[in-house]
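**Student:** Please read through the structure below; I'll follow up with questions.
The values are calculated or read from the model by the stated rules, or taken from the named source; none is laboratory data. Keep in mind the model is a prediction, meaning the values are calculated, not measured. Cβ: placed from backbone, ideal geometry, glycine included. Neighbour counts: every protein chain shown. Calculation scope for accessible area: heavy atoms of the full protein, side chains included, ligands and nucleic acids excluded. Shrake-Rupley method; radii C 1.70, N 1.55, O 1.52, S 1.80 Å.
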Amino acid sequence: SLTRTVICLLRNDLRLHDNEVFYWAQGNAEHVVPLYCFDPQHYQGTYHFNFPKSGPFRLRFLLDSVTDLRATLKKQGSTLLVRHGKPEDVVSDLIRQLGSVTAVAFHEEVASEEKDVEKKVKEVCSQNKVKCQTFWGSTLYHRDDLPFGHVERLPDVFTQFRKSVEGQAQVRPVFSTPEQMKSLPPGLEEGPIPTFEALGQTEPVEDSRSAFPCRGGETEALARLKHYFWDTNTVATYKETRNGLIGVDYSTKFSPWLALGCISPRYIYEQIKKYEAERTSNQSTYWVLFELLWRDYFKFVGLIYGKRIFHVNGFQDKHVPWKTNMTLFNAWKEGRTGVPFVDANMRELALTGFMSNRGRQNVASFLTKDLGLDWRLGAEWFEYLLVDHDVCSNYGNWLYTAGIGNDPRENRKFNMIKQGLDYDSNGDYVRLWVPELRCIKGGDVHTPWTLSNASLSHAQVSLNETYPSPIVMAPEWIRHVNKKSSGPASARGKKGPSYTPREHRDRGIDFYFSKNKNF
């Protein structure tokens with residue numbers, strides 16, 4: 001028969017909008033089979049330290065996203081086939097079962113395990129004389145459009161990358177969303193969406209304090225953008241609030257949906273440009289694109305360096321005598337370091353699967369610089385728990401923090417006390433997540449070990465009993481112990497938890513662009 005069938009193998013592209021795989025399949029077949037495989041290797045342990053690879057929060061987000069895409073496709077006269085197995089085996093079985101498959105289409109990924117899957121799928125295709133059609137769609141700027149010729153010539157410094165891309169590259173327009181999907185060939189079972197138990201995980205418990213109480217899926221992603229841009233105009237103050245710690249709206253929170261491809265970076269770009277034309281264009285609207293560029297940069301870094309992004313010595317082959325002291329590591333991961341700003345962030349991560357960008361930079365600096373622990377312990381712990389885990393962004397950021405990334409100048413140590421006082425000046429965030437310190441007023445909550453016995457007992461805190469003393473002390477903390485604001489009347493604590501003091505407005509810029517190392 002002349003009926004052509006295309007299998008669309010979906011991975012981190014769980015959306016109908018701006019999806020070139022669907023767009024191409026629709027024009028090149030009579031039948032289209034959207035397919036998602038729950039790949040057993042995603043549910044094993046992490047590479048070195050054997051933490052579960054997909055923790056409860058990301059798994060729930062993924063199950064939501066798969067469920068949502070199936071519902072969307074059903075409205076389009078199709079459905080999402082779901083299988084539990086290795087993609088290459090599932091594809092091979094479908095090719096044999098259907099007999100009409102002319103092509104398998106998928107988006108290329110970046111990291112080594114994903115690349116291995118692609119290689120095996122390509123082998124299955126060539127054995128069966130089926131076309132293998134691949135696309136690049138995970139970044140804002142297409143890898144073929146980068147202005148420095150080949151991706152291998154990517155600058156070693158983000159700022160150079162950013163300037164050359166902004167000056168010389170174009171973002172491609174989004175692909176149109178099909179009105180009606182081509183039908184599936186007859187005789188296919190859609191297959192059940194697996195349970196948490198089947199994948200060896202337990203369902204997460206909701207926490208009312210979560211800064212990311214959102215569900216997965218394209219529908220939710222598009223609703224989030226509409227809320228953050230068009231309904232509330234919050235995007236217009238993003239740059240001022242993005243270092244916040246409490247609540248849903250201090251930042252876009254697009255990252256979990258971007259990680260699974262529920263929303264396209266090009267669609268975000270298009271909406272920013274529309275917002276700038278119709279409402280306002282300022283540093284905040286630009287800053288959303290700036291952060292998408294960081295995401296692109298880490299993807300391209302991953303593309304070039306391959307398996308080296310997981311290597312203990314990083315890109316410079318820099319030998320650092322990392323420790324793997326599990327007592328120290330366990331204190332870090334459980335939020336029992338005795339440094340409240342670190343502990344609050346680590347508990348938030350464990351209980352919600354989310355942590356602010358500000359928090360991530362700090363706890364990573366604390367693990368690598370203050371505790372001197374192997375950065376891969378931190379990277380794999382994040383891989384396990386983060387709802388928005390993205391291989392390139394996670395490992396790229398950890399390499400940066402550890403001072404072994406592709407920009408060797410970026411070797412900074414954060415001052416935990418200064419950072420805590422700068423970004424949680426009144427201590428509200430610490431009290432939210434470290435309730436045993438909730439009776440300590442104001443900024444004092446960042447340094448309980450410096451308080452008098454009378455103050456501590458008044459606050460019902462007993463050091464080393466109800467809350468630990470710091471497991472490590474850094475000499476630079478002392479400079480900031482006496483600068484704390486006391487109580488709610490201070491100028492800094494006035495404007496609520498996500499207010500960034502004026503002198504720290506450009507901290508993010510300073511962090512990346514300045515030579516001043518006092519953070």
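**Student:** Once you measure Cβ to Cβ distances between cysteines in the chain, which Cys have no partner under 4.7 Å?
**Tutor:** Within the chain, the cysteines lacking a partner Cβ under 4.7 Å are C8, C37, C214, C262, C392, C439.
**Student:** Step through the residues of the range 316-325 one at a time and calculate ³J(HN,Hα) from phi using the Karplus curve (6.51 cos²θ - 1.76 cosθ + 1.60, θ = phi - 60°), rounding each to whole Hz and writing x for Gly and Pro.
**Tutor:** Calculated HN-Hα couplings, in order: 8, 6, 9, 8, 10, x, 4, 9, 10, 7 Hz.
**Student:** Residue by residue through the range 341-350, what is 3J(HN,Hα) from phi via Karplus (6.51 cos²θ - 1.76 cosθ + 1.60, θ = phi - 60°)? Round to whole Hz and write x for glycine and proline.
**Tutor:** These are the phi-based 3J(HN,Hα) values: 5, 5, 4, 4, 5, 5, 6, 4, 4, 5 Hz.
**Student:** Amide H neighbours of Y467 under 5 Å, counting only residues 5+ apart in sequence or on other chains, H built in-plane at 1.01 Å?
**Tutor:** Amide H to amide H, under 5 Å and 5 or more residues apart or across chains, Y467 pairs with S462.
**Student:** Rounded to a whole number of µm²/s, how large is the Stokes-Einstein D of the chain at 25 °C and 0.890 mPa s, given Rh as the Kirkwood radius over C-alpha pairs?
**Tutor:** Here the translational diffusion coefficient equals 101 µm²/s.
**Student:** Let me check something: with ligands and nucleic acids excluded, how do E334, E108 order by accessible area (1.4 Å probe), largest to smallest?
**Tutor:** Heavy-atom accessible area, descending, gives E334, E108.
**Student:** Specify, per residue and in Å³, the volume enclosed by the convex hull of the alpha carbon atoms belonging to the range 361-402.
**Tutor:** 57
**Student:** Go through the range 275-290 residue by residue and turn each phi into a ³J(HN,Hα) via Karplus (6.51, -1.76, 1.60, θ = phi - 60°); whole Hz please, and just put x for glycine and proline.
**Tutor:** 4, 5, 6, 9, 10, 7, 10, 8, 4, 5, 5, 4, 5, 4, 5, 4
**Student:** For an R0 of 56 angstrom, estimate the FRET efficiency from the Cβ-Cβ distance between W449 and E123 and round to the nearest 0.05.
**Tutor:** Efficiency, rounded to the nearest 0.05: 0.40.
**Student:** Let me ask something else. Any chance you could look up the accessible area of K333 with a 1.4 Å probe, heavy atoms only, rounded to 10 Å²?
**Tutor:** 40
**Student:** Cα centroids of the range 363-419 and the range 273-347: how far apart, whole angstrom?
**Tutor:** Each part reduced to its Cα centre gives a spacing of 6 Å.
**Student:** Moving to a separate point now. Taking the highest mean first, how do the peptides 90-98, 225-233 order by number of other beta carbon atoms within 10 angstrom per residue?
**Tutor:** Per-residue mean Cβ counts within 10 Å order the peptides as 90-98, 225-233.
**Student:** Turning to a different aspect of this structure: Summarise the accessible area of the chain (1.4 Å probe, protein heavy atoms) by the percent that is carbon and sulfur.
**Tutor:** Carbon and sulfur atoms account for 50 percent of the accessible area of the chain.
**Student:** Another question, if that's okay. Past the 19 Å Cα-Cα mark, which pairs from K318/K369; K53/K119; K274/K299?
**Tutor:** Distance filter (> 19 Å) returns K53/K119; K274/K299.
**Student:** Related question: Under 5 Å between amide H atoms, partner at least 5 residues away or on a different chain: which partners does K323 have, H built in plane at 1.01 Å?
**Tutor:** For K323, the qualifying residues are L373, D374.
**Student:** Given a 1.4 Å probe and the protein chains all in place, what does the accessible area of T285 round to, in Å² to the nearest 10?
**Tutor:** About 0 Å², rounded to the nearest 10.
**Student:** Out of the range 124-160, which trypsin sites (Lys or Arg not before Pro) are coil in DSSP terms and have no more than 12 other C-beta atoms within 10 Å?
**Tutor:** Passing both the DSSP loop test and the Cβ count: K129.
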